Amino acid sequence: HISYRHVMLPKEIAKLVPKKLMSEAEWRSLGVQQSQGWIHYMRHDPGEKKHNQL
C-alpha cells in the first residue's frame with residue numbers, strides 16, 4: 001500500500017528546496033509538519049507536467 005501526500009509551500013520556502021530526495025529531518029527543518037515516517041520522492045513546480053511511471 002502506497003500513500004501519496006501533496007504539500008504546497010510558500011514561494012520563499014520553496015526556493016530552499018533542493019532538487020534531490022530529502023530526508024524527513026530536512027523537510028521538518030523547512031517547517032513542513034506531517035506524520036512521522038513519510039518520505040519525499042519528488043519536487044513538483046506549479047505548471048510543470050508530471051510524468052509518472054509505476
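We did not get these values from a lab; they are worked out from the coordinates using the rules stated. Because the structure is predicted, anything quoted here is derived from the model rather than measured.
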Exercise for the section: Tell me which residues come under 5 Å, amide H to amide H, from Val7 once H is placed; ignore anything under 5 positions away on its chain. Expected result: none
Exercise for the section: Convert each backbone phi in segment 7-23 into a coupling constant with the Karplus relation 6.51 cos²θ - 1.76 cosθ + 1.60 (shift: θ = phi - 60°), then list the ³J(HN,Hα) values in order as whole Hz, x for Gly and Pro. Expected result: 10, 9, 10, x, 3, 4, 7, 4, 4, 8, 7, x, 8, 8, 5, 10, 7
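In nm, what is the difference between 0.36 nm times the number of residues separating Ser23 and His6 and their Cα-Cα distance?
Working: separation 17, 0.36 × 17 = 6.12 nm, distance 1.58 nm.
Using 0.36 nm per residue and subtracting the Cα-Cα distance, I get 4.5 nm.
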